[in-house]
Amino acid sequence: MPEPRTLQPFHLDALREMGNVGAGNAATALSQLLGRPVRMNVSRVTLVSTESLNEFLGDHRTEVAAVQLPVYGEARARVLLLFDLERLGVLVALLLGRPSADPKNLSELERSAIQELSSILTGAYLNALYGLIRVQLIHGVPAMVVDRADAVLESVLAEFEQSQGWALVVETEFSEQGKVLTGHFLLIPEANTLELLLKAFYRALGISPDA
Amino acid sequence: MPESDSDVRIAGIKAARAPETLSAIGLGSCVALILWEPQMRVGALAHIMLPSSLAFPPSPLPGKFADTALPALLQQLKDLGARQGNLVGKLVGGANMFSAQMAPNQLSLGLRNVMAAREALRLSGIPLKAEEVGGTKGRTIKFRPEDGRVLVRKMYETDVWL
């Protein structure tokens, strides 16, 4: 099973640049949709082994709104977006222009707004990813749950029958009226396309595949 | 809270003697297969990820699959002095969290895990005493070999004892 090698700072810079392109496009799309400026900032982009995902997510790992989208095309994967439940109000306010009621009991409209945002974000990131690694990926319809992040992650990893793979993680910060919510975008490849995608990353980042 | 509790991680197996307890945190589609021996007050828990090992290369983690987990559980319990004839089983987990994305008539991984664990118990002749399985919510559990009880916790729901 391929393991992500330790990435050097300039590799991470290249990944982050890709994230910035995606976030920029998503922010533009959202601003047009909402009719007002939307602030979005990519704080970190990296490849993480699936075994250490829980630790990597750290404080954001307890209770989340999780949106899953199937990904197909030249590789098969799953996108998982995790939004810290405690700060979900920031996102709802950003999308609907009013503070959310109870994040534990989201309305149909709030759920649908978060799923729509997830679709826009995923489309933008997959496009930006194509710009970097030249692997064409498209996404399907989103589904959302509110639960513990570890239970959600476990389910997704188990479904792919892989616990020794890796995921691309993009940390995106959304801000609305001085409050910030960090959302995690995870691209989790299916076991049989792990290698294809990792090689594409290495090629794009100029890492020798057999080093 | 008892002072000694072990978290059984995904694909892991652990046995414990009262008053120790065993936990599994964030069970999604995974299933916790629990065996308890009332006389010796010992028990063991497997945090199972997949129903069957058949299509996979041999794994160093027997707890990963329902079919390989059961013999490993039995071995660990025998090492603690348990008698197989006294054992009872409990099952928790097997949720289908993203049920909205399932094709019609498709069996979820959670449900397949539950069915495989039930079958493993049946083949070993161990009675299934209680279960709390399926649904769409993740679970966190704590098992007490002291009295065989299992605490099941789901988000926004009242705790359940099995």
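Filtering region B:8-26 down to residues that are more than 14 Å from chain A (Cβ to nearest Cβ) and in a loop (DSSP other than H, G, I, E, B), which residue is surrounded by the fewest Cβ atoms within 10 Å (Cβ to Cβ)? Checking each candidate, the answer is B:P19.
Before we move on, is B:T136 surrounded by fewer than 24 Cβ atoms within 10 Å (Cβ to Cβ), of a type outside the set (D, E), in contact with a helix residue (DSSP H, G or I) (Cβ under 6 Å, 6 or more places away or on another chain) and within 12 Å of chain A (Cβ to nearest Cβ)? Yes; evaluated as a whole, the condition is true for this residue. B:L54 fulfils the conditions (1) within 14 Å of another protein chain (Cβ to nearest Cβ); (2) within 18 Å of B:L162 (Cα to Cα); (3) surrounded by fewer than 16 Cβ atoms within 10 Å (Cβ to Cβ) except for a single criterion, (2). Scanning region A:150-165 for residues that are within 7 Å of chain B (Cβ to nearest Cβ) and under 15 Å from B:F56 (Cβ atoms), we see that the one that is modelled with the highest pLDDT is A:A158. For region B:36-43, the criterion of being within 14 Å of chain A (Cβ to nearest Cβ) and either more than 23 Å from B:I141 (Cα to Cα) or touching a helix residue (DSSP H, G or I) at 6+ places or on another chain (Cβ under 6 Å) (or both) is met by no residue. Looking across region B:139-150 at every residue that is part of a strand (DSSP E or B) and of a type outside the set (V, I, T), the one that is nearest to the other protein chains (Cβ to nearest Cβ) is identified as B:R139.
Within this structure, B:M115 passes the test of being under 16 Å from the mean Cα position of the chain (by Cα) and within 25 Å of B:M155 (Cα to Cα).
Conditions (1) in contact with a strand residue (DSSP E or B) (Cβ under 7 Å, 6 or more places away or on another chain); (2) touching a residue at least 12 places away in the same chain (Cβ under 8 Å); (3) among the polar types (S, T, N, Q), marked per residue:
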{"site": "B:Q84", "(1), (2), (3)": "no, yes, yes"}
{"site": "B:K90", "(1), (2), (3)": "yes, yes, no"}
{"site": "B:L111", "(1), (2), (3)": "no, yes, no"}
{"site": "B:E119", "(1), (2), (3)": "no, yes, no"}
{"site": "B:R122", "(1), (2), (3)": "no, no, no"}
{"site": "B:G148", "(1), (2), (3)": "yes, yes, no"}
{"site": "B:V152", "(1), (2), (3)": "yes, yes, no"}
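For the residues A:R78, A:R111, the requirement of being in contact with an Asp or Glu (Cβ under 8 Å, 6 or more places away or on another chain), at pLDDT 80 or above and of a type in the set (K, R) singles out A:R78.
Where helices (runs of 4 or more DSSP H) fall entirely within region A:73-175, those with at least 1 residues that are within 18 Å of the chain's Cα centre (by Cα) and within 30 Å of B:G63 (Cβ to Cβ) are at A:149-159.
Being farther than 28 Å from A:E110 by Cβ and of a type in the set (G, A, S) is the filter here; which residues of region A:45-98 pass it? Residues satisfying the conditions are A:S49, A:S52, A:G73, A:A75.
When B:L74, B:L91, B:L70 are screened for being crowded, with 23+ Cβ neighbours inside 10 Å and either on the phi > 0 side of the Ramachandran plot or assigned to a helix (DSSP H, G or I) (or both), only B:L70 passes. Would region B:57-64 turn up any residue that is modelled with pLDDT of 95 or more, more than 14 Å from chain A (Cβ to nearest Cβ) and at negative phi? No; the residues of region B:57-64 include none that is modelled with pLDDT of 95 or more, more than 14 Å from chain A (Cβ to nearest Cβ) and at negative phi. Is region A:79-88 home to any residue that is in contact with a strand residue (DSSP E or B) (Cβ under 6 Å, 6 or more places away or on another chain), more than 14 Å from chain B (Cβ to nearest Cβ), closer than 23 Å to A:E176 by Cβ and buried (at least 24 other Cβ atoms within 10 Å of the Cβ)? Checking region A:79-88: at least one residue is in contact with a strand residue (DSSP E or B) (Cβ under 6 Å, 6 or more places away or on another chain), more than 14 Å from chain B (Cβ to nearest Cβ), closer than 23 Å to A:E176 by Cβ and buried (at least 24 other Cβ atoms within 10 Å of the Cβ).
The values are calculated or read from the model by the stated rules, or taken from the named source; none is laboratory data. Since the model is a prediction, treat every value here as computed from it, not as a measurement. In this analysis, Cβ positions are derived from the backbone assuming ideal geometry, glycine residues included, and neighbour counts consider all displayed protein chains.
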